[in-house]
Amino acid sequence: IAEKIGIKAMLGNSIYRVIGAFRQMVGIVTELDTGMTTLRRVTEETEATYRKFLKTAGDEAHELGSTVSGLVDSTGDFARLGYNIQEANALAKNAVMYSNVGWLDIQTATADMTSTMKAFNIEASDSIRIVDTFDILGKKLPLVTISVKGWRHSRPSKDIVNHNICVTTAGGVW
């Protein structure tokens, strides 16, 4: 009897794991579909372009240590600001790198990148500077979390627009 109960328990556990994996898969597909729907709403590309983007996003997310849905969502956020899909994707990749360097979630990294670009008049093509700056500052100030939350939420932009990004974020440590 004990042997039969053990077999039934193992079988039940296996079935539960399959159901859990299926639910997780459905959740991931739903997140990805939501991100792609947002991207389609804010850009005007062909279906072939979206398919190519999604295929490369998978490879890029794997290479950068991120999720495909995170990269797609970040691309959609940047596209919503008026960037084309190529620029938005490049910005999203930089945001993923920043999230890895700064130990941030992708939403916070995307918002911080956007705020920093606006505050310091940094062009999309030069946005990697933000990642590099915060990486260097994080190494110089290892016990301090580098984040732009202060100027994103409370500091008037006019106070920092003409300052150097390094001086503003590190208080002169740079």
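Might you check whether a residue that is farther than 23 Å from residue 115 by Cβ and of a type outside the set (Lys, Arg) occurs anywhere in region 73-90? No - not one qualifying residue is present in region 73-90. Within region 36-44, is there a residue that is in a helix (DSSP H, G or I), in contact with an Asp or Glu (Cβ under 6 Å, 6 or more places away or on another chain) and surrounded by 21 or more Cβ atoms within 10 Å (Cβ to Cβ)? Within region 36-44, not a single residue is in a helix (DSSP H, G or I), in contact with an Asp or Glu (Cβ under 6 Å, 6 or more places away or on another chain) and surrounded by 21 or more Cβ atoms within 10 Å (Cβ to Cβ). Quick check on this structure: which one of 3, 31 is open to solvent by 80 Å² or more (accessible area, probe 1.4 Å), touching a helix residue (DSSP H, G or I) at 6+ places or on another chain (Cβ under 6 Å) and not β-branched (Val, Ile, Thr)? After applying the criteria, what remains is 31.
For region 6-28, a tally of residues being at pLDDT below 85, open to solvent by 70 Å² or more (accessible area, probe 1.4 Å) and either of a type in the set (Gly, Ala, Ser) or under 21 Å from residue 70 (Cα atoms) (or both) returns 1.
Answer yes or no as to whether residue 32 is outside any helix (DSSP H, G or I) and at pLDDT below 90. It is false that residue 32 is outside any helix (DSSP H, G or I) and at pLDDT below 90.
Quick check, is residue 71 among the aliphatic types (A, V, I, L, M) and not in a helix (DSSP H, G or I)?
no
Taken as a whole, the condition of being of a type in the set (Ser, Thr, Tyr), open to solvent by 60 Å² or more (accessible area, probe 1.4 Å) and at pLDDT below 85 applies to residue 157.
If only residues of region 56-78 that are small (Gly, Ala, Ser) and open to solvent by 10 Å² or more (accessible area, probe 1.4 Å) are counted, the one that is farthest from residue 33 (Cα to Cα) is 65.
Within region 85-101, no residue satisfies the criterion of being touching a residue at least 40 places away in the same chain (Cβ under 8 Å) and surrounded by fewer than 20 Cβ atoms within 10 Å (Cβ to Cβ). When residues in region 93-121 are screened for being at pLDDT 90 or above and in a loop (DSSP other than H, G, I, E, B), 1 of them pass.
The values are calculated or read from the model by the stated rules, or taken from the named source; none is laboratory data. Keep in mind the model is a prediction, meaning the values are calculated, not measured. Cβ coordinates were reconstructed from backbone atoms using ideal geometry, including for glycine residues, and neighbour counts include every protein chain displayed. Only protein heavy atoms, including side chains, enter the accessible area calculation; ligands, DNA and RNA are left aside. Shrake-Rupley method; radii C 1.70, N 1.55, O 1.52, S 1.80 Å.
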